[in-house]
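Q: Below you will find the structure I want to go over with you.
The values are calculated or read from the model by the stated rules, or taken from the named source; none is laboratory data. Everything quoted here is computed from the prediction, not taken from an experiment. Heads up, the Cβs are rebuilt from the backbone with ideal geometry, glycines too, and the neighbour counts pull from every protein chain shown. Accessible surface areas use protein heavy atoms only, side chains included; no ligands, DNA or RNA. Shrake-Rupley method; radii C 1.70, N 1.55, O 1.52, S 1.80 Å.
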Amino acid sequence: MDPIAAAPVDAARLRRLQLIGLASGFTAGAWLGAAEAPTKMVTLGISPVVISLTMVVGVFLARWSVPALLRGTGAIGDDVRQAPHLVVWAVLAGCLWAVANTLTIFAIKDIGLSIAFPLWNANSLLGILWGFVFFNELRGAGWARWAGVLGGALVMFAGAGLLAAASSAQSPSGHAGRGVAAALAAGVMWGTMYIPYRKAYLTGMNPLSFVTFFTVGELGMMGAIAVGDRGGVTPLVAELVRARDVLFWLLCGGFVWVVGDLFQQYAAKYVGISRGIPLSNTNQLWGLAWGVLVFGELQGAGTALPQVVGGSLLMAAGAAAIAFATATAGEHVRWQDAARREGARYGIDPGYTRAALAGEASGGPGRRRGWLDWGIMLAATAVFVGFAMVARVPELAVNGGPLMVLVVASLALLGGTGWALWKVTGFN
């Protein structure tokens, strides 16, 4: 075995990477929460499938243009040459995401944004399970960290139970059971999706490369779902044309979701899925803020309001417990064992895998720009500008003050965590 590849990550650098992972998880929560706000347009009569498809188109544009901006397609090509098998895993993860995202739209339609959010965030429980079973997470962590992660998960589960109980009285459509089932099924899909995530980052693939191919599965699966649901391509196109003046906002929702997901990817990479996913699930608090403060959900909720607020606070407390249960050096060694196992299985250069675990470049320039990169960015920009020119403000009742506060807070997290991520890892 290459002694350099097997060397442990420096303790001081490991602490910095874990802090970056924690910050990325919380920033992901803010942006993933904001991304769901445009889905409120389901209340305007637009089909949930059409909403999900349009958001996925926005996701597709963002997942190609943002990596082209931050790293360049040349660096993405280098990653693919090192680990071509991960392209298949990325496409599979994208398919799971598309199904889950569609289920969330149905959940929002039936039980509202502020209640549906914490229910699908049950995916954190699966993240803890898969991280332990497949990737050596929490092995060698010690009893205190086990208690923090598992205790936090149980508290989050209790909070989700309170929200599920509240939904039975507050369902806007009278289909509370269906909404709860859709939200929980989305959580199962997303929880399973994190297996390819962790597999990719232990092997060494950069998150910006992984998401580029992830979106191929997203768009392909979502396109198939939409065509089947609408009864063919022609009816689907006709419905998109009828909704053309609000599609811009859904495209923006997809773009915002990608920003949050990128931070979620870095959280999964640097603190593992058993910690990173629960941290990013603080989006339930942002979802509650958007739903209650901006869109006025739960007005007149009566006795259900304490359940919703209490359930959300319990889930946030659980996430905080998990955040404090950072990985020890001994546990990180077990992560390295899992990484070497993955690398040996697929014949990956050990130096490439080790550099990725340390948040370092694995050779070659990381930010090459060429005509393809600029072409991708210009094409994505043109699509957004084109839809913006025919857009109108949707007829939704919103409170402008809280909206501005949430936007400014989200931008502050983006700037601070993004700068730290670049400074410490160079987006590696």
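Q: Of the conditions (1) modelled with pLDDT of 85 or more; (2) assigned to a loop (DSSP other than H, G, I, E, B), Ile46 clears all except one; give me its number.
A: Failing condition for Ile46: (1).
Q: Would you mind stating whether Asp229 is modelled with pLDDT of 85 or more and of a type in the set (D, E, K, R)? Let's see the steps before the verdict.
A: Details: modelled with pLDDT of 85 or more: no; of a type in the set (D, E, K, R): yes.
Criteria not met by Asp229.
Q: Somewhere in the range 216-225, is a residue in contact (Cβ under 8 Å) with a residue 60 or more places away in the chain and under 27 Å from Gly415 (Cα atoms)?
A: no
Q: In this structure, is Gly401 of a type in the set (Gly, Ala, Ser) and either over 22 Å from the mean Cα position of the chain (by Cα) or surrounded by fewer than 16 Cβ atoms within 10 Å (Cβ to Cβ) (or both)? Please lay out each step first, then the result.
A: Numbers: of a type in the set (Gly, Ala, Ser): yes; either over 22 Å from the mean Cα position of the chain (by Cα) or surrounded by fewer than 16 Cβ atoms within 10 Å (Cβ to Cβ) (or both): yes.
Criteria met by Gly401.
Q: Here is a follow-up. Does Ala122 meet the test of being of a type outside the set (S, T, N, Q), modelled with pLDDT of 75 or more and within 27 Å of Thr215 (Cα to Cα)? It would help to see each step written out before you state the result.
A: Working: of a type outside the set (S, T, N, Q): yes; modelled with pLDDT of 75 or more: no; within 27 Å of Thr215 (Cα to Cα): yes.
The answer is no for Ala122.
Q: Filter the range 258-313 down to residues that are at pLDDT 80 or above and among the charged types (D, E, K, R), then give me how many there are.
A: 2
Q: Okay, next question. Could you grab the pairs with beta carbons closer than 9 Å, sequence gap of 6+ or different chains, first residue in the range 373-399 and assigned to a loop (DSSP other than H, G, I, E, B), second one acidic (Asp, Glu)?
A: Between residues of the range 373-399 that are assigned to a loop (DSSP other than H, G, I, E, B) and residues that are acidic (Asp, Glu), the close pairs are Val390/Asp245; Ala391/Asp245; Arg392/Asp245; Pro394/Asp245.
Q: Taking the residues in the range 163-183 that are part of a helix (DSSP H, G or I), open to solvent by 60 Å² or more (accessible area, probe 1.4 Å) and not polar (S, T, N, Q) as candidates, determine which candidate is modelled with the lowest pLDDT.
A: Kept after step one, since they are part of a helix (DSSP H, G or I), are these residues of the range 163-183: 163-170, 176-183.
With the extra rule that they be open to solvent by 60 Å² or more (accessible area, probe 1.4 Å), the set shrinks to 168-169, 178.
Filter once more, so that each one left must be not polar (S, T, N, Q): 169, 178.
Working: Ala169: 54, Arg178: 81.
Here the residue is Ala169.
Q: Looking at (1) of a type in the set (A, V, I, L, M); (2) open to solvent by less than 10 Å² (accessible area, probe 1.4 Å); (3) out of contact with any Phe, Trp or Tyr (no Cβ under 9 Å at 6 or more places or on another chain), which is the one condition that is false for Ala107?
A: (3)
Q: Shifting gears a bit: Of the numbered conditions (1) open to solvent by 10 Å² or more (accessible area, probe 1.4 Å); (2) under 21 Å from Ile273 (Cα atoms); (3) touching a Phe, Trp or Tyr at 6+ places or on another chain (Cβ under 7 Å), Ser24 satisfies every one except a single condition; which is it?
A: Condition not satisfied by Ser24: (1).
Q: Go through the range 49-77 and count every residue that is of a type in the set (Ser, Thr, Tyr), open to solvent by 10 Å² or more (accessible area, probe 1.4 Å) and modelled with pLDDT under 85.
A: 1
Q: If I filter the range 387-396 for residues that are over 24 Å from Ala268 (Cα atoms), modelled with pLDDT under 75, open to solvent by 70 Å² or more (accessible area, probe 1.4 Å) and in contact with a helix residue (DSSP H, G or I) (Cβ under 9 Å, 6 or more places away or on another chain), do I get at least one hit?
A: Taking the range 387-396 and keeping what is over 24 Å from Ala268 (Cα atoms), we get 387-396.
The next check asks that each one be modelled with pLDDT under 75; those that pass are 394-396.
Right, trim to open to solvent by 70 Å² or more (accessible area, probe 1.4 Å) and you get 395.
Now drop any that are not in contact with a helix residue (DSSP H, G or I) (Cβ under 9 Å, 6 or more places away or on another chain), which leaves 395.
Yes, the conditions are met somewhere in the range 387-396.
Q: Looking at the range 123-135, which of its residues are closer than 16 Å to Trp97 by Cβ and open to solvent by 10 Å² or more (accessible area, probe 1.4 Å)?
A: Leu126, Trp130
Q: With Val99, Val80 as the choices, which residue is over 26 Å from Val385 (Cα atoms), open to solvent by 10 Å² or more (accessible area, probe 1.4 Å), over 18 Å from the mean Cα position of the chain (by Cα) and aliphatic (A, V, I, L, M)?
A: Values: Val99 fails: over 18 Å from the mean Cα position of the chain (by Cα).
Every option except Val80 fails the conditions.
Q: Being assigned to a helix (DSSP H, G or I) and not polar (S, T, N, Q) is the filter; apply it to the range 201-214 and report the residue that is most open to solvent (accessible area, probe 1.4 Å). Steps first, please.
A: Step one: of the range 201-214, the residues assigned to a helix (DSSP H, G or I) are 201-203, 207-214.
Imposing the further condition that a residue be not polar (S, T, N, Q) reduces the set to 201-202, 207-208, 210-211, 213-214.
Working: Tyr201: 2, Leu202: 0, Pro207: 0, Leu208: 2, Phe210: 0, Val211: 1, Phe213: 43, Phe214: 0 Å².
Among residues in the range 201-214 that are assigned to a helix (DSSP H, G or I) and not polar (S, T, N, Q), the one most open to solvent (accessible area, probe 1.4 Å) is Phe213.
Q: Go through Leu406, Leu396 for me and flag whichever is of a type in the set (A, V, I, L, M, F, W, C) and within 25 Å of the chain's Cα centre (by Cα).
A: Working: Leu396 fails: within 25 Å of the chain's Cα centre (by Cα).
It is Leu406.
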